[in-house]
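Notes for the one structure printed next.
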Amino acid sequence: MAEGRAVGQVYRIVTLDGGPDGINSVIALAPDITKQVRNLQRRGLPLDGRAVLVKDNIETRELPTTAGSLALKDNMTGRDAPLIANLRAAGGVVMGKTNLSEWANIRSNDSTSGWSAVGGLTRNPHAIDRNSCGSSSGSGAAVAAGFAWGAIGTETNGSITCPASINGVVGFKPSVGIVSRTHVVPISSTQDTAGPMTRTVYDAALLLTAIAGEDEADAATLDAVRVSDYTAGLGDFSLEGVRIGVMRDQIGNDARVAGVYEKALADLEAAGAELVDIEFEMNEEIWDASFTVLMFELREEMGKYLASIPQIDGADTPRSLADLIAFNEGSEAEMRWFNQDLFELAETTTDREAYEAARAKALRIAGKETLDALMAQHNVQFLTAPTRGPAWMSDLVLGDQFNGSIGFGTPAAVAGYPHLTVPMGDVENLPVGISFFGAKWDDHGVLKVGAAYERARSAELPKPSFKRWSPQ
């Protein structure tokens, strides 16, 4: 059965992903996919030969890892990231690499999500003229399009949850440290994590169980609190008496999204959850502090990653952020649509004392003073808000145009806490998701509440049209 599914998925990619109106979510397919599925299915492993697409900033031994940049188009390291080694050990098959926002959307403030010089622009399967969000755009779009059982994305701030919400799939950003970041093209050692993108919460939990694990080369994983099976108890978890804080000030100014969200809240309440309205304004100091952290860590972590790439004969491999900046300056293809102002700023962000102070401030505000304080003060186990608004029109000339008033993802991203998004309905056939947040290391609890909502959901979910959006 798994072999037949893989054949069908490859056929869908071949017929629906390429061409002028294709989704453009898959950069490369791995060789011998069906043979791998057949062999793994016979071994009785947890993933049973399921085919998984991998964001192209995560190393796999059989394909280059480009981060979407022409500077790394030949980055064939021959290495598996530890999370990929874990995936294979659990019986998962690397189906191929997915497109992404180049450099995980950290090169420029003026970028268009879903575009990379290597892969071009990813399209949303629900409306191909609309955006798939970033930076795990290809992973979200591919799962929505039925190209794979699941996909792996990465997130620094919103890069799993936004594309999952906008493409109408489940996305889970685990607590930082649950999954190794070794051999993953980095932005931030404080905030980066990989995570699953699937069609159901159960599948996300199954994929997380497969890729999670300790890694001596990634200190954040050594003190992580994991469970052995994130699918355990998902099917019978009850919302009865579960107190959930509703972030009223983070619902945003789009009445249509608010209406879909209110229906989701009614479903939660009907299933027995106790909803607690919370009014909250974010401490504005978090923005400058967390931005300083990203800029400082980008230069340091990117340099470490590039220095670790094995030397390939004849290859002019960049070894520092400065090398990437120089490469881009000489490339018309890289610089056509937007600049590299964030790269250039990161290269000059070198004050370690200021960075350490900013990091301490950002972690304190996001964790202790926001998520921890809200859950304790209101005696709630989880928090919820809409994830994002519906997909906007893709525009390479003007860049992204999303509604920034919707959502509450930044505290979880900055503090490294779990964040799950689950489809909750649509606005004019464009998907929107509901977010659930919990305490650090309560990944299992967040997945359980998300699975319970999924069972209680009364909304009919939209199906991909593979066409341009039009009013019905």
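We did not get these values from a lab; they are worked out from the coordinates using the rules stated. Everything numeric in this text was worked out from a predicted model, so none of it was measured. Here the Cβ positions follow ideal geometry from the backbone for every residue, glycine too, while neighbour counts run over all protein chains shown.
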> Once Lys and Arg get +1 and Asp and Glu get -1 on their Cβ, which of Ala217, Phe237, Gly134 lies farthest toward the positive end of the dipole of region 100-245?
Replying inline: Gly134
>> 5 Å is the cut-off here: which amide hydrogens, built 1.01 Å from N in the peptide plane, fall below it relative to Gly150, excluding neighbours closer than 5 in sequence?
In response: Leu53
> Hey, if you put +1 on the Cβ of every Lys and Arg and -1 on every Asp and Glu Cβ in the chain, which of Val26, Gly4, Val449 ends up farthest toward the positive end of that dipole?
Replying inline: Gly4
> Quick one: which of Lys173/Lys368; Lys97/Lys368; Lys73/Lys173; Lys97/Lys173; Lys35/Lys173; Lys361/Lys440 span more than 29 angstrom between C-alpha atoms?
Replying inline: Lys97/Lys368; Lys35/Lys173
> Can you list the HN-Hα couplings for region 142-149, worked out from phi with the Karplus curve (6.51, -1.76, 1.60; θ = phi - 60°), rounded to whole Hz and with x for Gly and Pro?
Replying inline: 5, 5, 4, 7, x, 7, 7, 4
> When the helix-only estimate is applied to the chain (DSSP H runs of n ≥ 4, each -39,500 (n - 2.57), divided by the residue count), what is the mean residue ellipticity at 222 nm, nearest 500 deg cm²/dmol?
Replying inline: -10000 deg cm²/dmol
>> Is there a quick way to get the dipole size of region 171-283? I mean about its Cα centre, with the Cβ of Lys and Arg at +1 and of Asp and Glu at -1; what is the value in debye to the nearest 20?
In response: 300 debye
> Considering amide H positions built from the backbone, and no H for Pro or chain starts, which residues 5 or more places from Val26, or on another chain, come under 5 Å of its amide H?
Replying inline: Asn99
>> Based on C-alpha coordinates, I'd like the Rg and Dmax of region 317-365, in Å.
In response: 14.6, 42
>> Roughly how far apart, in whole Å, are the Cα centres of region 413-472 and region 23-68?
In response: 25 Å
> Roughly speaking, what % of Cα-Cα pairs in the chain are separated by over 41 Å, rounded to a whole number?
Replying inline: 10 percent
>> Once you place label points 7 Å from the Cα toward the Cβ at Val276 and Ser465, how far apart are they in nm?
In response: 4.2 nm
>> With +1 assigned to the C-beta of every Lys and Arg and -1 to the C-beta of every Asp and Glu, and no other charges, what is the dipole magnitude of the chain about the Cα centre in debye, to the nearest 20?
In response: 1640 debye
> When the convex hull of the C-alpha atoms of region 12-135 is computed, what volume per residue in Å³ does it have?
Replying inline: 114 Å³
> When only Cα pairs under 8 Å and 6 or more residues apart are kept, what is the percent relative contact order across the chain?
Replying inline: 19 percent
> Projected onto the charge dipole of region 369-472 (+1 at Lys/Arg Cβ, -1 at Asp/Glu Cβ, origin at the Cα centre), which of Thr410, Gly399, Phe466 gives the Cα projection farthest towards the positive end?
Replying inline: Phe466
>> Suppose we keep just the alpha-carbon trace of region 237-348; what are its Rg and Dmax in angstrom?
In response: 23.3, 64
>> Rg and Dmax in Å for region 122-242, alpha carbons only: what are they?
In response: 14.9, 44
> Given H placed on each backbone N at 1.01 Å, which residues far from Asp400 in sequence or on other chains put an amide H within less than 5 Å of it?
Replying inline: Ser113
> Which whole-number percentage describes the relative contact order of region 119-158, with Cα contacts under 8 Å and a sequence gap of 6 or more?
Replying inline: 31 percent
> Assigning unit charges at the beta carbon (Lys, Arg +1; Asp, Glu -1) and nothing else, what dipole magnitude in debye, to the nearest 20, does region 92-209 show about its Cα centre?
Replying inline: 100 debye
> So if R0 is 45 Å, what FRET efficiency would Glu240 and Gln472 give, r being the distance between their Cβ atoms, rounded to the nearest 0.05?
Replying inline: 0.75
> Kirkwood Rh, Cα Rg: Rg to Rh for region 107-178?
Replying inline: 0.96
>> Once the cut-off is 23 Å, how many percent of the Cα-Cα pairs in region 298-433 end up in the long-distance tail?
In response: 60 percent
